[in-house]
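> Have a look at this one before I ask anything.
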């Protein structure tokens, strides 16, 4: 099971729709070719796997602020990252690492 999975298809761009007061919405567009996107409730960020065809962040997992659509950081992960998964329990500090 993939907790909080948002998508699995290759996306030409990611559109984040943020509900606001009185039915208003804000839409943030994150350019890129993404293979998968997950939401991490532990830090409130989205994580997306950018495909090898992505011109901005190829072969990386990017961290995205869902409130602004801003890419907060990325890490190289090898050729063509695809599905993402979150641990069932998050690590709370440097003394607690995933094994």
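> Among (1) touching a residue at least 60 places away in the same chain (Cβ under 8 Å); (2) surrounded by fewer than 17 Cβ atoms within 10 Å (Cβ to Cβ), which single condition is residue 24 missing?
(1)
> Name the residue, out of 82, 97, that is loosely packed, with under 12 Cβ neighbours inside 10 Å, modelled with pLDDT under 90, touching a strand residue (DSSP E or B) at 6+ places or on another chain (Cβ under 7 Å) and not in a strand (DSSP E or B). Explain how you work it out, then say what you get.
On the way: 97 fails: touching a strand residue (DSSP E or B) at 6+ places or on another chain (Cβ under 7 Å).
Result: 82 is the single residue among 82, 97 that is loosely packed, with under 12 Cβ neighbours inside 10 Å, modelled with pLDDT under 90, touching a strand residue (DSSP E or B) at 6+ places or on another chain (Cβ under 7 Å) and not in a strand (DSSP E or B).
> Could you grab me the full set of residues in the range 64-79 that are without any contact (Cβ under 8 Å) to a residue 40 or more places away in the chain and crowded, with 17+ Cβ neighbours inside 10 Å?
74
> Another question about this same structure. If you take the residues in the range 32-57 that are more than 12 Å from the chain's Cα centre (by Cα) and surrounded by fewer than 17 Cβ atoms within 10 Å (Cβ to Cβ), which one is nearest to residue 83 (Cα to Cα)?
52
The values are calculated or read from the model by the stated rules, or taken from the named source; none is laboratory data. Just so we're clear, the structure is a prediction, and the values are computed from it rather than from any experiment. FYI the Cβ positions are ideal-geometry reconstructions off the backbone, even for glycines, and counts take in every protein chain you see.
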